């Protein structure tokens, strides 16, 4: 036995007992002839006291940071207790120690605030993982995992493993593929999600399925994406949207309770996709704060109408507004006294390439009831007051207005709203606001290909009331310019996203479960019957043998953990993440393979 | 809401309540004007009674097997109760039903004993999964999963996910590889196990890790192998072999209790690898029965000596024995009265190519104390008696003797023992016998390459007493004929396998945790320093920064489930298995990929 206790375990009750501990040397401090060592393991830190009589041993076998040692001694009550750590009442009066393994000097400090840069910490990930900050993230991840499994188990869900070596069915994201040695010339694909398998399990009668499972997408990586990521993947039979919403609100409430000790008892609000886009400019609003968008003028196809509410601003001779497709405003609370420098900085902010606007118009709603704007020469104070009031501004607020093409302007206004919320401290790390976004469009128009693509995925059911529209209309888009007038633009999906603090943490839908409708969906996406049968024949076939109504949801496990952990980066919550080029710099993977492997797989490189 | 109850839930207490159920039509039976339907879902079967007044509906919307329907009615006490099913006290007097989905006639019957052949059931796996026999297997699998997670959680293990897109380090089995689009010319590999990652997690101080995780090996498939399989993968720090054995005996006892309601309280016996080979002819003995092997003569290098105990049989002029490298016997209880036909059949059995022996010698130990043998002309009755007695035979037993080359003969005798055990009903499905096999050789000699390979894997530690032998001897094998005389042949590993009913269900080892020893190990396997650094530099590097002593184990989850479920085939316990060519015949995967994919990955086919 290497130890009688771990380093986080000893308390005052253990005083005077003989103990053996093992762990890492965190610090070595000399006080005169006495040496203090903080010994660390996963469970905590225990102070060791090495008296003068051990100095000969320290001379012979000196100890350094991150050395692994085993010590034997007695636990003693401390004179200087440390109330900051659970073991702070005792220390070990060491009788002897053994060095189990030495350590070179680590390339960065193993402390909460480390001096190591990103690249170095990725290369030495095994050392970065020692840091308390990272360890806490992985512990949180495990707590979420455990909480989710318990809840799902108690609700009769079964964990059923689905295969990883499946069939490549490119539609949506790019597949990672795996050459098959036993079937030369053929490839497996790694699953982008277990979508079709969980649907087959419903056809098989398993009723409630779940899995916490790795998924793979070969996409160009942004900072918050990984080529392999984890989903909490769930599916239920004989359910309507409301059943799923209830079940998974329960899951998320349970996770809040188990992991954060938060009783999230408030009603989880719901918003249509249209309202989200209209009021917040994106489909995953952060509702921890208001500052909703005022649509002064818009090309957005809201409630199936092209709305134009430009009466307040049009015709004043201000060409930027007059000529803009869309003009959007937000009222930023308490910022009417922004200086010229501050409004200039905001103007620069919206002009950055990531935001891409030409400029920013502001109206200061002064505390004294007057209004001051950057477009004073076009608008009377009454007009300014009317606009500001419509934007929900009160005295002391600053109204920010963006104008331009619909899509870019709306996105920019959304970003500006989030930025101002952040600057004003309205996006509190410890406040959590859940939201369902619902009634998404079923289809999106893919300009390059002049066809419809599934917004969620091709297995999502339209709203029952829209099924006739889908069946009775030809999906072909005659006039790409006017795709919004095609009936398919108005078809809503039986789909729902769960949003937490402005992040989509989960998304799902009620599925199509009838062969005819599924075939119609594939046809709507431009697939020929042969293609549909080749790619998804097994699913179409399964629907012939008594498929039940079913639906489900998948949570982005990495993202969920990062938000609960108060971080923007999912990488901090993955033990061995990859960088933005999809590389594991610790392993140095991917890497070349040898000739024998190429020969066995019957493939060769074809570098461009 | 599609249902108020599921089909396994209603009891006599629910009589007279209004209910709505949904499920599959299992059977439709007419009794005069009344129709009885068995409605099935995951939870059970409920009887529906459709009175005469619904016949018009049945005429309009006839019901067939596997139709999915929703019914509303009242639960009523049955006159003919069915004690065989939990819902057997009630039936539903149906007021109305809706067909949610029709079903074509299934290609085989959805019953415990189905008429579908293997191929058909694999193709329509989603229907096969409906059968109770298969559903029970997946339920057992989930129960084992849940039990293992609970035990490991209670013992402070943390589930930490390790990556799937890693580095190809061919050594041992063949890797599946994944071309990287973002890093043209380079490939990821899919993990054969998370071995190095779990070791890194120990270096990182996580102390107790587990994962139930998919692993991948691109090997030619035998009936009981799958290209993707699942492990319960565990690792612990600051442990010796005994700590691991205790912890994982606990795990298996817990699984027995939770899943099979068996109190496996007996001591789990231990056997050295040498004893296993000597007494049972293989390294995973089925100890549910005795019938141990008598080594009449052997080239097996037991206890570091070439033993030859041929005095009983040599020199009698029977060339087969005189010239054989090895002669082995088993005493089969109660079979002395086997007829000529029966012994001939056994002779044919050992001559089959899978066994590959030239013939079989037998000695009948008759009830009257006489002995009769197929080699009477060479051996006196006294000699026969001496041999039979040495083999442990009693009056009434049949001694079976095989002779030939050591390896083949030992394997054949082991197979013959298992076959006789099976025929005599000694391998009872409901009896479970656990066993640790320990002290494996660290190295195996690879004839083709004339070098050592790691029997377990290159991270397994030698026994402390053998470390000096390893360090002080040159691994090069000068005389391949006499590799058994090389000191490396005698080095034992700090490794252990857990065996259940003759199957290896888990295996592990104490790991090397010092850079020097790990380098020596790589060198022993014929790896150059560059190669070792290229493949495993991250691990060697990690060992420089305070690696703790550690060890672990991995259980074959599919196999464990199949044994607990009383089946020989792991496929029956996998939701979507592949066939012997690695194909998923339901998906028709692997399959061709399209030109765009080849172009993006910058590879092409090179078919031979």
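The values are calculated or read from the model by the stated rules, or taken from the named source; none is laboratory data. These numbers were taken from a predicted model, which means no experiment stands behind them. Don't worry about glycine lacking a Cβ; one is built from the backbone with ideal geometry, like all the others, and counts go over all protein chains shown.
Check off (1) within 8 Å of chain A (Cβ to nearest Cβ); (2) in contact with a helix residue (DSSP H, G or I) (Cβ under 7 Å, 6 or more places away or on another chain) for residue B:110 and give me the number that stays unchecked.
(1)
I'd like the full set of residues that are under 17 Å from residue B:547 (Cα atoms) and in contact (Cβ under 8 Å) with a residue 40 or more places away in the chain, limited to region A:40-57.
Passing the criteria: only A:42.
With respect to the numbered conditions (1) in a helix (DSSP H, G or I); (2) more than 10 Å from every other protein chain (Cβ to nearest Cβ), which one is the sole condition not fulfilled by residue B:596?
Exception for residue B:596: condition (2).
In region A:557-581, how many residues are out of contact with any helix residue (DSSP H, G or I) (no Cβ under 8 Å at 6 or more places or on another chain), outside any helix (DSSP H, G or I) and surrounded by fewer than 24 Cβ atoms within 10 Å (Cβ to Cβ)?
Residues flagged as out of contact with any helix residue (DSSP H, G or I) (no Cβ under 8 Å at 6 or more places or on another chain), outside any helix (DSSP H, G or I) and surrounded by fewer than 24 Cβ atoms within 10 Å (Cβ to Cβ) within region A:557-581 amount to 3.
Can you give me the ranges of the strands (runs of 3 or more DSSP E) entirely in region B:168-284 with at least 1 residues that are closer than 18 Å to residue B:553 by Cα?
In region B:168-284, the matching strands (runs of 3 or more DSSP E) lie at B:208-216, B:228-237, B:269-272.
Given the options B:373, B:380, name the one that is under 21 Å from residue B:324 (Cα atoms), surrounded by 14 or more Cβ atoms within 10 Å (Cβ to Cβ) and without any contact (Cβ under 8 Å) to a residue 60 or more places away in the chain.
B:373
Output the qualifying pairs, or none if there are none: Cβ atoms under 6 angstrom, residues six or more apart or on different chains, first residue in region A:197-224 and free of Cβ contacts under 8 Å to residues at least 24 places away in the same chain, second residue not in a strand (DSSP E or B).
Partner pairs satisfying both residue conditions: A:204/B:126; A:204/B:129; A:204/B:130.
When you look at residue B:60, is it more than 14 Å from chain A (Cβ to nearest Cβ) and free of Cβ contacts under 8 Å to residues at least 12 places away in the same chain, yes or no?
Yes; evaluated as a whole, the condition is true for this residue.
Here are some residues: B:315, B:250, B:290. Which one is more than 22 Å from residue B:489 (Cβ to Cβ) and without any contact (Cβ under 8 Å) to a residue 24 or more places away in the chain?
It is B:315.
Condition first: in contact with a helix residue (DSSP H, G or I) (Cβ under 9 Å, 6 or more places away or on another chain) and surrounded by fewer than 23 Cβ atoms within 10 Å (Cβ to Cβ). Now tell me which residues in region A:214-225 satisfy that.
Step one: filter region A:214-225 for residues in contact with a helix residue (DSSP H, G or I) (Cβ under 9 Å, 6 or more places away or on another chain), giving A:218, A:223-225.
Selection gives A:223, A:224, A:225.
For region A:1-19, name all the residues that are surrounded by fewer than 18 Cβ atoms within 10 Å (Cβ to Cβ), under 16 Å from residue A:69 (Cβ atoms) and assigned by TED's automatic domain parsing to the domain that holds residue A:91.
Residues satisfying the conditions do not exist here.
Mind telling me which of the residues A:161, A:91 ends up being at pLDDT 95 or above and assigned by TED's automatic domain parsing to the domain that holds residue A:37?
Exactly one residue qualifies, and that residue is A:91.
One residue is enough: does region A:444-460 have a residue meeting the conditions in the same structural domain as residue A:336 (by TED's automatic domain parsing), under 28 Å from residue A:489 (Cβ atoms) and touching a residue at least 60 places away in the same chain (Cβ under 8 Å)?
No, that holds for no residue.
From A:496, A:545, grab the single residue that is in contact with a strand residue (DSSP E or B) (Cβ under 9 Å, 6 or more places away or on another chain) and away from chain B (no Cβ under 14 Å).
Numbers: A:545 fails: away from chain B (no Cβ under 14 Å).
Going through A:496, A:545 in turn, just one is in contact with a strand residue (DSSP E or B) (Cβ under 9 Å, 6 or more places away or on another chain) and away from chain B (no Cβ under 14 Å): A:496.
Is it the case, given these coordinates, that residue B:591 is under 33 Å from the mean Cα position of the chain (by Cα), under 30 Å from residue A:535 (Cα atoms) and at the interface with chain A (Cβ under 7 Å from one of its Cβ atoms)?
yes
Please go through (1) surrounded by 19 or more Cβ atoms within 10 Å (Cβ to Cβ); (2) touching a strand residue (DSSP E or B) at 6+ places or on another chain (Cβ under 6 Å); (3) more than 9 Å from chain B (Cβ to nearest Cβ) for residue A:526 and return the number of the only condition it doesn't satisfy.
In the conditions (1) surrounded by 19 or more Cβ atoms within 10 Å (Cβ to Cβ); (2) touching a strand residue (DSSP E or B) at 6+ places or on another chain (Cβ under 6 Å); (3) more than 9 Å from chain B (Cβ to nearest Cβ), residue A:526 misses (1) alone.
Might you check whether a residue that is over 23 Å from residue B:464 (Cα atoms), crowded, with 22+ Cβ neighbours inside 10 Å and within 12 Å of chain A (Cβ to nearest Cβ) occurs anywhere in region B:253-260?
First, the residues of region B:253-260 that are over 23 Å from residue B:464 (Cα atoms): B:253-260.
So of that shortlist, the ones also crowded, with 22+ Cβ neighbours inside 10 Å come out as B:255, B:259.
Going one step further and asking which of them are within 12 Å of chain A (Cβ to nearest Cβ), we end up with none.
No - not one qualifying residue is present in region B:253-260.
Which of the residues belonging to region A:126-150 are under 13 Å from residue A:254 (Cβ atoms), more than 9 Å from chain B (Cβ to nearest Cβ) and within 21 Å of the chain's Cα centre (by Cα)?
A:143, A:144, A:147, A:148
Please pick out the residue among A:162, A:109, A:79, A:72 that is surrounded by 15 or more Cβ atoms within 10 Å (Cβ to Cβ) and outside any strand (DSSP E or B).
The conditions single out A:162.
Restricting to region B:28-51, give me the number of residues that are outside any strand (DSSP E or B) and modelled with pLDDT of 95 or more.
3
Which of the residues that make up region B:568-582 are at pLDDT below 95 and within 7 Å of chain A (Cβ to nearest Cβ)?
Those that are at pLDDT below 95 and within 7 Å of chain A (Cβ to nearest Cβ): B:581, B:582.
Among the residues in region B:588-603, are any in contact with a helix residue (DSSP H, G or I) (Cβ under 8 Å, 6 or more places away or on another chain) and either closer than 26 Å to residue B:133 by Cα or buried (at least 23 other Cβ atoms within 10 Å of the Cβ) (or both)?
yes
Is it the case that residue A:92 is in contact with a strand residue (DSSP E or B) (Cβ under 7 Å, 6 or more places away or on another chain) and more than 24 Å from residue B:199 (Cβ to Cβ)?
Details: in contact with a strand residue (DSSP E or B) (Cβ under 7 Å, 6 or more places away or on another chain): yes; more than 24 Å from residue B:199 (Cβ to Cβ): yes.
Here the answer is yes, as residue A:92 does meet what is asked.
Output the residue which, of all residues in region B:76-107 that are farther than 22 Å from residue A:513 by Cβ and either in contact (Cβ under 8 Å) with a residue 60 or more places away in the chain or within 12 Å of chain A (Cβ to nearest Cβ) (or both), is nearest to the chain's Cα centre (by Cα).
Going through the qualifying residues, I end up with B:86.
Which condition breaks for residue A:220 when tested against (1) at pLDDT 95 or above; (2) within 21 Å of the chain's Cα centre (by Cα)?
Evaluating residue A:220 over (1) at pLDDT 95 or above; (2) within 21 Å of the chain's Cα centre (by Cα) leaves (1) as the failure.
Residue check: is residue A:510 in contact (Cβ under 8 Å) with a residue 40 or more places away in the chain, over 30 Å from residue B:542 (Cβ atoms), within 14 Å of chain B (Cβ to nearest Cβ) and in a strand (DSSP E or B)?
yes
Name every residue in region B:438-490 that is at pLDDT below 90 and in a helix (DSSP H, G or I), in order of residue number.
Selection gives B:480, B:481, B:482, B:483, B:484, B:485.
Look at region B:115-125 and say how many of its residues are part of a helix (DSSP H, G or I) and within 8 Å of chain A (Cβ to nearest Cβ).
Residues that pass the stated criteria total 1.
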